[in-house]
1. If a paramagnetic tag sat 7 Å from the Cα of B:Val17 along the Cα-Cβ line, which residues of segment A:43-76 would have the backbone N under 13 Å from that point?
2. Rounded, prolate or oblate: pick one for chain B, where a ≥ b ≥ c are the square roots of the eigenvalues of its C-alpha gyration tensor, a/c under 1.5 means rounded, and failing that, prolate if a/b is larger than b/c, else oblate.
3. What residues of segment A:18-60 lie in the reach of a label at B:Glu32, counting those whose backbone N is under 14 Å from a point 7 Å from the Cα along Cα→Cβ?
4. Once the dipole of chain B is set up with Lys and Arg at +1 and Asp and Glu at -1 on Cβ about the Cα centre, which of B:Leu97, B:Pro147, B:Ala117 lies farthest towards its positive end?
5. Among DSSP bridges having both ends in the protein assembly as shown, what percentage is antiparallel? Round to the nearest 5.
6. Are there GluC sites (Glu not before Pro) in segment B:102-163 that DSSP puts in a loop and that have at most 16 other Cβ atoms within 10 Å, and which ones?
7. For chain B, what relative contact order do you get, as a whole percent, if you take Cα pairs closer than 8 Å and at least 6 residues apart?
8. Across peptide A:34-40, how many C-beta atoms of other chains are within 10 Å of each residue C-beta, on average?
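The values are calculated or read from the model by the stated rules, or taken from the named source; none is laboratory data. Keep in mind that this is a model prediction, so the values were computed, not measured. For neighbour counting, all protein chains shown are included, and Cβ atoms are generated from backbone atoms with ideal geometry for every residue, glycine included. The protein model used for the area step is the full one, side chains on, heavy atoms only, and it has no ligands, DNA or RNA in it. Shrake-Rupley method; radii C 1.70, N 1.55, O 1.52, S 1.80 Å.
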There are 2 protein chains.
Amino acid sequence: MLLGMSVIDDVLAANEVYSRTHELRRLTPRPERKLAVLTCMDTRLSIRTLGLKTGDAHIIRNAGGIVTEDSLRSLVVSHYLLGTEEFMVINHTDCGLMLTTEEDLRTRIQNRAGTAAVTPAFFYAFANIEENVRHQLQKLRTHPWVPKEVAVRGFVYDVASGRLREITG
Amino acid sequence: MLLGMSVIDDVLAANEVYSRTHELRRLTPRPERKLAVLTCMDTRLSIRTLGLKTGDAHIIRNAGGIVTEDSLRSLVVSHYLLGTEEFMVINHTDCGLMLTTEEDLRTRIQNRAGTAAVTPAFFYAFANIEENVRHQLQKLRTHPWVPKEVAVRGFVYDVASGRLREITG
């Protein structure tokens, strides 16, 4: 960060401009298309690649697009409180969590931070993306609060081609 | 969901169209503006309200915009692996988690699902939004892996006006 410059201050100025028209004013809290998407926080992901508009879906994002206690909580709230009926889990190629291991990641951060930490207990690094997607689907499908009527499907998004590929089984 | 119709199938068809041009092809995994935003999965939130473009920032989203073990993991990965230097935490007015209590939410879901579940252990329902934002900031600022050099600032987004309001202290 350059001295005296803050991106957050720029964001506040841009929000002031946005609020003059507030085009999203009419959206309701219930996802229009009854869809919840769990995906990665990565810069290269956007609802645009899915043909979705703001308001269509709940978007849940964490490092990797992993089913954790927190993303599960979000999906459960999404379904029971706000009526979503389909869950998409999307991992992507070239994910930061694929370029490392659990051990290596913890060591690097500890060294940089100069101190250990108890939480987060896991980083969810992974080597095989198809396997990783299947594992996330399994966690959702076996959870007592994810009803059988909710469609749970998993995908790999290829950042080079822009294409989704479904992972079955 | 109407019989035989699936939103996810529509998304796949839309992605096929998107991939023909793949306008986001040139983005890099490092957030252009070195910013990470933690906010809610709510339908009414969009980077558009922040004047951000895809690629500018890491976007982390869960029910509420809560600092959990998982969102903390994501922010830590964002900073140490991908170089973000500012964290924005954004809660919003009319959040589903404000209209309920921890107890009520658990009871409603258990009754609908017909079964109890151990995880998620908490839903992070809250009553006072300013207090809630402050609590999230505190969790971040006191974590050993969030360095002092990282700017950590908190906001309430008003879904009626489209404006961000900073929460200090």
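1. A:48-53
2. oblate
3. Under cut-off, by backbone N: A:43-46.
4. B:Pro147
5. On the way: 11 of 47 bridges.
Taking every DSSP beta bridge with both residues in the protein assembly as shown, the antiparallel ones total about 25 percent.
6. Answer by residue number: B:Glu149.
7. Across chain B, relative contact order equals 21 percent.
8. On the way: counts 2, 5, 1, 4, 3, 2, 5.
Counting other chains' Cβ atoms within 10 Å and averaging over A:34-40 gives 3.
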